[in-house]
1. With the checklist (1) assigned to a helix (DSSP H, G or I); (2) within 17 Å of T424 (Cβ to Cβ); (3) open to solvent by 60 Å² or more (accessible area, probe 1.4 Å) in hand, flag the one item I311 doesn't pass.
2. Tell me the residue from L223, L211 that is among the hydrophobic types (A, V, I, L, M, F, W, C) and touching a Leu at 6+ places or on another chain (Cβ under 8 Å), please.
3. Please state which one of S319, S332 is more than 15 Å from ligand 1 (Cβ to nearest atom), of a type in the set (G, A, S) and over 26 Å from the mean Cα position of the chain (by Cα).
4. Report whether or not F348 is in contact with a Ser or Thr (Cβ under 8 Å, 6 or more places away or on another chain), open to solvent by less than 60 Å² (accessible area, probe 1.4 Å) and assigned to a strand (DSSP E or B).
5. Being surrounded by 17 or more Cβ atoms within 10 Å (Cβ to Cβ) and hydroxyl-bearing (S, T, Y) narrows it down to one of Y168, Y190, so name that one.
6. For residues in segment 137-153 being open to solvent by less than 30 Å² (accessible area, probe 1.4 Å) and at pLDDT below 95, which is farthest from ligand 3 (Cβ to nearest atom)?
7. For K73, state whether it is closer than 19 Å to A50 by Cβ and open to solvent by 20 Å² or more (accessible area, probe 1.4 Å).
8. Of these, N137, N124, which one is closer than 29 Å to Q72 by Cα and either touching a Ser or Thr at 6+ places or on another chain (Cβ under 7 Å) or among the charged types (D, E, K, R) (or both)?
Amino acid sequence: MLTKTKKDEKTFQEDSTTGRYWITTFGCQMNKADSERMAGTLEKMGYIRANDELNADLVLYNTCTIRDNAEQKVYSFLGRQAKRKHKTPNLKLIVAGCLAQQEGESLLRRVPELDLVMGPQHVNNLENLLGKVDLGNQVAATEETFISEDITSARRESSICGWINIIYGCNERCSYCVVPSVRGKEQSRYPNAIKSEIQKLAHDNFKEITLLGQNIDAYGRDLPGTTKEGRKENTLTDLLYYIHDVEGIRRIRFATSHPRYFSKRLIQACYELDKVCEHFHIPFQSGNNEILKLMARGYTIEKYKRIIENIRLLMPNASITADAIVAFPGESEKQFRDTLKLISDIGFDQVMTAAYSPRPNTPAAIWQNQLSEKVKKERLKEINELVETTSKKRNKRYLDNIESILIEGLNPKNASQIMGRTRTNRLTFVEIPNNSEFKFQLGDEINVKIKEIRSFSLTGELYK
Ligand code: SAH
Ligand code: SF4
Ligand code: F3S
């Protein structure tokens, strides 16, 4: 999560701090949001951010285990720090996140240099856990626990766009997925706690918020006031209406949606509520009904298509993005082609793709019909090529359009360009006009005429 800057020892004021910390974040937005909260805790404790991983006094890896390669990456990072600890015994070494939860105490045995292994449900408890480490303990905190509201302010990476967890965990049982076993049962936050966090962000000049949950449509089903029959009072839709009036916030997003629960009422709310952006991330995973059934996803392709149709009926230019898995156990060539066909039929703006990876404690991992690495590689290559051309085709609709761009910063590769995103979440670069009249601040919304399209980004000029 933290960008590496050049080593500069002189900027560090040794006596006024507890030490320097470094956090590397792997995985999804939820992990990024958790890292921001842990960074907030460390700064409250007096730590300051290190400018190099190799001179930090506390190194925290917030890990992901969604696929085997994510897991292996963490081990190679850890090996380096474990070695460093032999020369610098005061170094505190922490593994947090989903791999920590998966491995628990066995991680302490595998990497004895570790001080603390902590699962995602313990993020709010970092200070306490570090207290135990200071007493000389090697600590593993992975028991299932109630996630209490955090009173620590997150140390956010952006000053404009904020992530807000609204539901932790996942109660689904997709046959390939490790998330339910590492993130635990669904726990929704109360609407008033969410709203006050948004109000605080608005007060701090944030303009955009993204509500987060692994299965965000499940929001509220564990809260009081929610009934099994009929209208629920604490659904994601109700939450959107409830938070919409927070003054100062101009854009609201949410992720990740599950096709099983994506309701017409939600689509109507997104249409009615001005601040809710026209971007929907709805993973479909496979374009074939038999595979979807084996994945235990709980919907068919027909249902998925109906959702997209209903969105497009009200918001024809909405951006639709998704995730897909190729080479699921037993996936035939024809079934793989169905996934390709769905991508062309829908015309996605972007699809995040992955080859199936067997995960511990998941049903599909022990099925006998696993596909070879060769097939996985070939299918991944083919789908990625299709995704790229589809995105580019889809981006054509932006050409010569006037889009509203929220300024998030300068293009890191070209400081003469502003960087921001459309409401549909397309990254857009804008040449800064060569006259002194144009003044801008981060968080401003500007109108931009789109002049150039690429597969995953746009370039435009200021439009008055
Ligand atoms: N909650 C979201 C996604 C969670 S994980 C949903 O239900 O869609 C993010 C993505 O990783 C998934 O959408 C899926 O495409 C991918 N993924 C999850 N487990 C995987 C596995 N075992 N192998 C390959 N990809 C996987
Ligand atoms: Fe995993 Fe399925 Fe839950 Fe998504 S909904 S996190 S894919 S189990
Ligand atoms: Fe990875 Fe955990 Fe997110 S496994 S994708 S970091 S929920």
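1. Here I311 meets the rest and fails (3).
2. Exactly one residue qualifies, and that residue is L211.
3. The unique qualifying residue is S332.
4. Considered against the rule, which asks whether it is in contact with a Ser or Thr (Cβ under 8 Å, 6 or more places away or on another chain), open to solvent by less than 60 Å² (accessible area, probe 1.4 Å) and assigned to a strand (DSSP E or B), F348 comes out as no.
5. Only one candidate qualifies: Y168.
6. T152
7. no
8. The match here is N124.
The values are calculated or read from the model by the stated rules, or taken from the named source; none is laboratory data. Just so it is clear, the structure is predicted and the values come from calculations on it, not from any experiment. When we count neighbours, we look across all protein chains shown, and the Cβ atoms used for this are built from the backbone with ideal geometry, even at glycine. Areas reflect the complete protein model, heavy atoms only, side chains present, ligands, DNA and RNA absent. Shrake-Rupley method; radii C 1.70, N 1.55, O 1.52, S 1.80 Å.
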